[in-house]
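Here is the structure we will look at.
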Amino acid sequence: VKAVSPPTARFLEASTLQLNDDASEVSWTFRRGEAPVHFRLAERQIGEGRGTAQRGADASKAMLRVTDWENRFDPKVNGVRIALESSEVSRAAVALPDGSGLLLGSSRSLRYVDGAGRQRWVSPISTEIRAIGISTNGKLAVTAMLDGTIRWWRVTDGALLMSLFATTERKWIVWT
């Protein structure tokens with residue numbers, strides 16, 4: 001019996017997702033070890049290579065130290081434990097560009113946590129976040145989800161703005 005791979009991206013590592021400065025272009029690999037592809041919102045097509053999406057997530061900034069966040073139950077910001085739900089696992093983190101806080105992606109939610117460890121908002125999710133990035137102006141977050149979708153979020157309030165589903169055959173759909 002031959003194993004069949006799903007025709008979608010398998011986001012398993014936090015470093016999988018890359019984006020450009022304004023988060024209008026994202027890149028990823030469909031499988032570990034494969035060449036990257038990218039999607040440009042303006043062109044509405046999947047291209048080969050990373051394109052201009054060259055930035056990965058940076059979990060810490062000068063005034064913000066994020067620890068114990070990858071595949072853990074007890075992430076911390078500046079030594080303060082971030083309260084997660086029972087059995088919720090932290091999967092990805094990115095510091096806001098100004099260092100005032102971070103976005104934490106988990107098996108159950110996307111959270112905005114300030115530098116003192118206080119949660120500003122929590123957005124529940126239906127599938128876990130495996131990777132996260134943020135635009136250089138700090139207004140948009142992009143997450144790679146375990147279900148193979150890529151999602152754009154508004155940082156000020158955690159509102160889901162848009163989702164992308166792409167297949168290995170380079171077919172895709174974007175919805176709001």
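The values are calculated or read from the model by the stated rules, or taken from the named source; none is laboratory data. The structure displayed is predicted, hence computed values, not measured ones. Here the Cβ is made from the backbone with ideal geometry for all residues, glycine too, and neighbour counts use every protein chain on show. Heavy atoms of the whole protein, side chains included, go into the accessibility calculation; ligands, DNA and RNA do not. Shrake-Rupley method; radii C 1.70, N 1.55, O 1.52, S 1.80 Å.
Key figures
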{"read-out": "Some residue of segment 155-169 being part of a loop (DSSP other than H, G, I, E, B), surrounded by 14 or more Cβ atoms within 10 Å (Cβ to Cβ), at pLDDT 95 or above and in contact with a Ser or Thr (Cβ under 8 Å, 6 or more places away or on another chain)", "value": "yes"}
{"read-out": "Gly115 being touching a residue at least 40 places away in the same chain (Cβ under 8 Å) and either within 18 Å of Trp153 (Cα to Cα) or exposed (fewer than 14 other Cβ atoms within 10 Å of the Cβ) (or both)", "value": "no"}
{"read-out": "Answer from Gly133, Gly101, Gly105 - the residue that is small (Gly, Ala, Ser), open to solvent by less than 30 Å² (accessible area, probe 1.4 Å), under 16 Å from Ala23 (Cα atoms) and at pLDDT 90 or above", "value": "Gly133"}
{"read-out": "So Glu88, is it open to solvent by less than 10 Å² (accessible area, probe 1.4 Å) and assigned to a loop (DSSP other than H, G, I, E, B)", "value": "yes"}
{"read-out": "Val122 open to solvent by less than 10 Å² (accessible area, probe 1.4 Å), over 24 Å from Ser24 (Cβ atoms), without any contact (Cβ under 8 Å) to a residue 40 or more places away in the chain and not in a loop (DSSP other than H, G, I, E, B)", "value": "no"}
{"read-out": "Unique match (being under 25 Å from Glu25 (Cα atoms), touching a residue at least 24 places away in the same chain (Cβ under 8 Å) and not hydrophobic (A, V, I, L, M, F, W, C)) among Gly51, Gly47", "value": "Gly51"}
{"read-out": "Positions within segment 9-34 being open to solvent by less than 70 Å² (accessible area, probe 1.4 Å) and modelled with pLDDT of 85 or more, in sequence order", "value": "Leu17, Gln18, Leu19, Asn20, Ala23, Ser24, Glu25, Val26, Ser27, Trp28, Thr29"}
